[in-house]
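In what follows, a single structure is set out as structure tokens and then discussed.
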Amino acid sequence: MADEVSWWDIRPAQGTQPKTYTCPLCRQRLFAMNPNTLLSPEGDRDRRRHAHTACVAEQRAAGRLLTRSEWERSLRPPDGVAPPWWRRLTRRGHT
Ligand SMILES: [Zn+2]
């Protein structure tokens, strides 16, 4: 389900009405009045889904369901990356 979504807005939720939802991760019933987790694909509140907090934790432990900041970080090379090998060679060649 998460394949076409780059990142998720993930926030804790707890409903005040005795509704039930279907968890999109395990397809089991979820009771809105229990603490759960609200997933909004790329921050789209119209497509938000209630999921079991444990299911979300399981997905995130497996490296899925990135938050926006995690996704943005994954697009950039990490800070403090070593200069490329050819730059070191070039510098040595000119001294
Ligand atoms: Zn679930």
Candidates 18, 12 - the one that is more than 13 Å from the ligand (Cβ to nearest atom) and in contact with a helix residue (DSSP H, G or I) (Cβ under 8 Å, 6 or more places away or on another chain):
12
Looking for something of a type in the set (Gly, Ala, Ser) and closer than 10 Å to residue 8 by Cβ - is there at least one such residue anywhere in the stretch 36-50?
yes
Residue check, residue 32 against (1) touching an Asp or Glu at 6+ places or on another chain (Cβ under 8 Å); (2) within 16 Å of the ligand (Cβ to nearest atom), all met but one. Which one?
(1)
Hey, residue 2 hits all of (1) within 16 Å of the ligand (Cβ to nearest atom); (2) at pLDDT 95 or above but one; which does it fall short on?
(2)
Residue identified as under 14 Å from the mean Cα position of the chain (by Cα) and near the ligand (Cβ under 9 Å from one of its atoms) among 25, 39, 65
25
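The values are calculated or read from the model by the stated rules, or taken from the named source; none is laboratory data. Bear in mind that the values here come from a model prediction, so they are computed numbers and not experimental data. Every residue, glycine as well, gets a Cβ built from its backbone with ideal geometry; the counts of neighbours run over all protein chains shown.
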